[in-house]
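Only one structure is covered here, and it is reproduced in the block below.
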Amino acid sequence: MALPAEVAATGLPVFFAHPHFSWECGGNDKLNRIVRKFLPKCVDVPSDLRYLAADINDRPYKIHDWRKPGEVFTELLDANSSIA
């Protein structure tokens, strides 16, 4: 697959997962399991998913040393505001 010029110019390695192969991206596969806990495949997706997003964002993750994503985000914002 050809990369857009802006992406190719960065020189960063890029990985494209195949469609419907969520196991190629481990984090994606785990998130799909969490979503399916609330929304089985036979259920229509409700228009308001705030409760699902709140549950996902309120879970501690190993990748963040068992901190919640909101805590990590706040720390990054605080660190960047002290630099500027």
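No lab work stands behind these numbers, since they all come straight from the coordinates. All values derive from a computational prediction rather than experimental measurement.
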Per the helix-only calculation at 222 nm, which mean residue ellipticity applies to the chain, given -39500 (n - 2.57) for every DSSP H run of n ≥ 4 and division by its residues, nearest 500 deg cm²/dmol? -15000 deg cm²/dmol
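Using only alpha carbons, build the gyration tensor for the chain and give me the equivalent ellipsoid semi-axes, biggest first, whole Å.
Details: eigenvalues 142, 118, 33 Å².
Value: 27, 24, 13 Å, ordered largest first.
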Using Cα pairs closer than 8 Å and at least 6 residues apart in sequence, work out the relative contact order for the chain, in percent. 11 percent
Could you pull out every one of the lysines with an alpha carbon less than 25 Å from that of K68, ignoring same-chain neighbours closer than 8 positions? K30, K37
